Structures are given as structure tokens and as C-alpha cells.
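Heads up, the thing below is written out as C-alpha cells.
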Amino acid sequence: MIPMPAGTRIWVACGATDMRKGFDGLAMLAQDVVKQSPYSGHIFVFRGKRSDRIKILWWDGTGLCLYAKRLELTLGVICVLSAGWAGLVVGFLWSTVLVYHATFCINSLAHVRGSTRYVTGDDSHNNWLLALFTMGEGWHNNHHAYQSSVRQGFRWWEIDATYYILRALSLLGVVWDLKMPPDRVLRNEQRLGSRVIARAAEQLAMHFNSARVALVVKSELRERELMASRETPLRVHQCTADVPRDLHLPPVHSREQVLAEAKVRFATSVSLDEIVDRAYGLLLKRSAHALPDFASLNRRPPLPQGSTSVGELYQIRTAPPDPRV
């Protein structure tokens, strides 16, 4: 609600207004058509071409405010005329609330429960129960995999009532150029985009605890410092310098472990190796930056095949950043 001060006038612009206009365009209309200053404190109302949307321009004393409102009274008027106040409550109010809640549950429940067919870099799922009472919107993972498709149920058994209606309208010539998912998408053979790969790799890397190595290093270092506290400063320095070379640390997760976790967490994808490579790079980088600084890490013993030691992590830490990670 606009708190109108005393003496405020409401000016309604006659005729249709292009609703794409913003502050500047509507201010010019108020000045040229209504012949009033848009900064006078009065309220200026503009309606769209279909009379289903209005915009209000108002100077509140500190800045120019723009309000937009979509009018949804046509269905309400029809319900009142056909069935009285009961028709208004059931046919307009209840239906509007149900439509809103159906939309909200797709963006909430469909990201929690259901099955996943495609790697999309998010937590979208296909939920058959939601698809039944939202006319096909419950096939949310399909939609995220190929968002420009008019059909969200990619398989014949995935009921998509919205697609059936649009298909019937296309046969009547009411709508046309319906875009279908290509065969490579249906076969799950499409290569993922860089953003999807980055989001999926971030999810995969977050599953592993990159601070595990750092905690072991710090605890071992603190124990050795306490043991060497009674010795000379030179001996303390030597003891501290030798810590990274002979700490008994568990190896950092190998790429094979990351790949195995990716196969469990994600659906089949031709870009799975790219996701694993990026996630493994993120894991090594975060593990390296979680470690303290030591000057003696340039000398390190030979490493077992397929493992990563603290010395390797320090090489990763001091190396130039990889733009792909």
C-alpha cells in the first residue's frame, strides 16, 4: 500500500502504454502526456495494451518508485457471475492457491525426492507423483537437462499432460514449432557444458574432507614441538623442518576413489571423466592450501604409485594456478 499524503492526486494515463518502459520512459509520459512533473509527489498510473497489467510511478520524497501489478480479475468476474460468491472462492481463490503451491513444490520437493537420469550440476529429480498433479512439471531433471524442450516427459511412460495439450493445439494450427529433445539427449550422450561440469565437480569435491591431512599435520607438529621445547633453538628448528618428511600421514584420496564416488553419486554421462578430473584438482588444491608452510618440502622421498603425499601437496600449492580449476 502506498502511504499517500494529503493533497496527493492520482493521474491515470488514457490509452495503452508499452509495459516495457521503465523509470525514464514512464517519467517522460507523465511529463509530456499528463503534463505533470513526475517528481511532484502525485501518483501516475499506466495500463498495458491488454488491460491486464498496470504500472504506477510515484515520487516518495526520496526517490522515484515504480510499482507493477498484473490484474487477474477476469476469471474472478466469470466465477462470480456464473456461481456467485461460492464460485469465486472455489473457482478463483482456491485454484489460484493450488497453482501457486504446485509451482512452489516443483522448486522444492522436486529437488529433494525422486530419480536422477541426467547430470545437471544441481539436485533436480524426476518425481512421477508431482508430474501427475502438475501436468508434467514433475519431470524436473529432464527439464534441467534440456530446458528448451516443450516435452518434459522424455519417455513414453512419463505422463506429460501439458505436452499432450500443446501437441493437440499444434495439430489444430494454434501453436507451432514445438521443440523436441534431440536423440543424443534422449540417449544421454550429450556433452555437458562447462558450467554444469564446474557445479558437478564442486559437489563431488565437497564430499571429500580436504582438511583431513591438515589436521593430522598440525597435530603431529604440535606434539613434536612440545617434545623439542626443552632442547636448543637449533634443534627445535631442525625437528620442525623434518616434520613433513617423516609424518605418518594417510594418502590423499586418489583419482580412482573420486571416480568411484562419482559413479555412485551421478548418473551416467560422457563427461564424467571431465567432472572427476576437475573435482580431483579441486580436492588437491584445497588440501594443499590447508597445510602450514614448511621450507624443507623440496626434498621428499619416493611415493607409492597412485597416492599423493604432503610433499606433492606443497608442490601443488606453490605451482601456478590452473585456470581450469
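The values are calculated or read from the model by the stated rules, or taken from the named source; none is laboratory data. Note that the coordinates shown come from a computational prediction; the quantities given were computed from them, not determined experimentally. Note that we place each Cβ from the backbone using ideal geometry, even for glycine, and neighbour counts take in every protein chain shown. Surface accessibility is based on the protein's heavy atoms, side chains included, excluding ligands, DNA and RNA. Shrake-Rupley method; radii C 1.70, N 1.55, O 1.52, S 1.80 Å.
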Residues of region 9-18 being closer than 16 Å to ALA68 by Cβ, assigned to a loop (DSSP other than H, G, I, E, B) and open to solvent by 20 Å² or more (accessible area, probe 1.4 Å), in sequence order, are ASP18
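In the list ILE159, ILE165, which residue meets the criterion of being of a type outside the set (Ser, Thr, Tyr) and in a helix (DSSP H, G or I)?
ILE165
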Quickly run through region 69-99 and pick out the residues that are open to solvent by 50 Å² or more (accessible area, probe 1.4 Å), under 30 Å from PHE44 (Cβ atoms) and of a type in the set (Ser, Thr, Tyr). THR74
Has region 136-154 got at least one residue that is open to solvent by less than 30 Å² (accessible area, probe 1.4 Å) and among the β-branched types (Val, Ile, Thr)? no
Would region 55-65 turn up any residue that is open to solvent by 70 Å² or more (accessible area, probe 1.4 Å), within 29 Å of the chain's Cα centre (by Cα) and either of a type in the set (A, V, I, L, M, F, W, C) or closer than 30 Å to LEU26 by Cα (or both)? no
Helices (runs of 4 or more DSSP H) lying entirely in region 19-112 (those with 3 or more residues that are within 30 Å of ARG9 (Cβ to Cβ), modelled with pLDDT of 80 or more and not charged (D, E, K, R)): 23-32
Could you look through region 115-142, keep only residues that are of a type in the set (Gly, Ala, Ser) and touching a helix residue (DSSP H, G or I) at 6+ places or on another chain (Cβ under 7 Å), and pick out the one that is farthest from TYR164 (Cα to Cα)? GLY121
Which listed residue, of ASP123, ASP183, ASP160, ASP177, is charged (D, E, K, R) and open to solvent by less than 50 Å² (accessible area, probe 1.4 Å): ASP160
